[in-house]
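Written out below as structure tokens is the structure these notes cover.
The values are calculated or read from the model by the stated rules, or taken from the named source; none is laboratory data. Note that the coordinates shown come from a computational prediction; the quantities given were computed from them, not determined experimentally. Cβ sites come from the backbone with ideal geometry, for glycine too, and all protein chains shown count toward neighbours. Accessible surface areas use protein heavy atoms only, side chains included; no ligands, DNA or RNA. Shrake-Rupley method; radii C 1.70, N 1.55, O 1.52, S 1.80 Å.
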Amino acid sequence: MNFEQLTKQLTSGNPDRVYLILGDQAYLADQIRNAFVQLIPDGERAMNIGSYDMEDVSISTALEDAISVPFFGEKRLVIVNRPYFLTGMRVKTKVEHHMDDLLAYLNHPENSTIMVFFAPYEKLDARKKVTKALKRVATIVEIGRLRENEIKQLIRQRVSEKEFKIDEDALERMVQLTGGKLTAMMNDLPKLLLYKNDTKVIDVAAVNGLVSRSLEQNVFDLVNSVLKKKPKESMDIYQQLILENSQPIQINAVLIQQFRLLLQVMILQKHGYSQGSLASTLKVHPYRVKLALQTIRKFNYVQLREAFVGLVDTEREMKSTSRSPELLFELFILKFMKKQG
């Protein structure tokens, strides 16, 4: 089930007993959370809605709430946040979770309770007994891997609700600057609406002036600048990232990730993988794959591999010497461009 299908189901007033909201999309998660809250009448919410963070509270506490009879109402809503025990993650916490309690509940969910698990993770550990049990019982809603057209449609919908319009080139640019991250786009939208309140039309100039560039987008620009052998432009972008409080080791790490992705996409594409299958296989945002496909058309495998190896060596030096990280990066730029020249 996707976000739109869930919205229709909840609007109809016929919810299921257990849900698993899977994926890290803060904006959609908030929308879904609000939709569930609306199922409980306003005057009953204080007594019939419980929200529990599994990094702070045991699952048994949430289950005690779930098996309780609604207080002067028909339904009880129990929200379980960050159920890390469904994953392979190790979390520093003193909370003990008894999975037998959860397994017992999943065998016989309460008819009067709507229990919602918000799992903001890329994937769950499918080998775990509790994960298998939850997936078998719950209505699963995937919100983590939205396609680009779905993201654009959500933005258009929100803009339309405010009685505004957005130009297609402005929407495309917004996706580009934010790396296709819906939450970031929604966070920047109020600024655009306020700025264009006179015309009610969001254009590309407004987007360029007001939308915050993601670290990934800045790094994407840096990648292309490096590959095009433009040393001054590369260092200008790098220094701008430093001014924006990005740490050298962090920038280098993201660069390594980006070049690794370019190499993976190049190899898999040669083996017949489509854009959609690349995103699911590599477990990355579809928009990153789209940008990677655009990039590898202009460069060859040797260039990408040399840059990747150079950055790995640079990271090793950053961690093992006292030399300036900025100097090490500049040396990488000069060495790579000289070698490629």
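For region 78-96, what are the residues that are closer than 24 Å to residue 112 by Cα and in contact with a helix residue (DSSP H, G or I) (Cβ under 8 Å, 6 or more places away or on another chain)?
Our first condition is that a residue be closer than 24 Å to residue 112 by Cα; within region 78-96, this holds for 78-83.
Scanning region 78-96 gives 78, 79, 80, 83.
Residue pairs whose Cβ atoms lie under 6 Å apart, separated by 6 or more positions or on different chains, with the first residue in region 155-174 and at positive phi and the second surrounded by 15 or more Cβ atoms within 10 Å (Cβ to Cβ) and part of a helix (DSSP H, G or I), do not occur. On inspection, residue 64 does not qualify as out of contact with any Lys or Arg (no Cβ under 8 Å at 6 or more places or on another chain), not hydrophobic (A, V, I, L, M, F, W, C) and not in a helix (DSSP H, G or I). Highlighted here are the helices (runs of 4 or more DSSP H) found entirely within region 122-221 that include at least 3 residues which are acidic (Asp, Glu): 148-161, 168-178.
Restricting 334, 291, 304 to those that are in contact (Cβ under 8 Å) with a residue 40 or more places away in the chain and in contact with a Leu (Cβ under 6 Å, 6 or more places away or on another chain) reduces the list to 304. For region 89-129, the set of residues classified as closer than 28 Å to residue 27 by Cα, acidic (Asp, Glu) and open to solvent by 30 Å² or more (accessible area, probe 1.4 Å) consists of 122 only.
Scanning region 87-124 for residues being over 26 Å from residue 5 (Cβ atoms) and of a type in the set (Asp, Glu) gives a total of 3. Number of residues in region 41-61 that are open to solvent by less than 50 Å² (accessible area, probe 1.4 Å) and not in a strand (DSSP E or B) equals 8. Note on region 1-37: among residues that are among the small types (Gly, Ala, Ser) and within 20 Å of the chain's Cα centre (by Cα), the one that is nearest to residue 140 (Cα to Cα) is 23.
Scanning region 157-178 for residues being open to solvent by 10 Å² or more (accessible area, probe 1.4 Å) and farther than 11 Å from residue 204 by Cβ gives a total of 8. Of the residues making up region 26-60, those that are in contact with a helix residue (DSSP H, G or I) (Cβ under 6 Å, 6 or more places away or on another chain) and closer than 26 Å to residue 155 by Cβ are 26, 27, 28, 35. Using the structure shown, decide if residue 144 is open to solvent by less than 60 Å² (accessible area, probe 1.4 Å), at pLDDT below 95 and touching a Leu at 6+ places or on another chain (Cβ under 7 Å). Spelling it out, residue 144 is indeed open to solvent by less than 60 Å² (accessible area, probe 1.4 Å), at pLDDT below 95 and touching a Leu at 6+ places or on another chain (Cβ under 7 Å).
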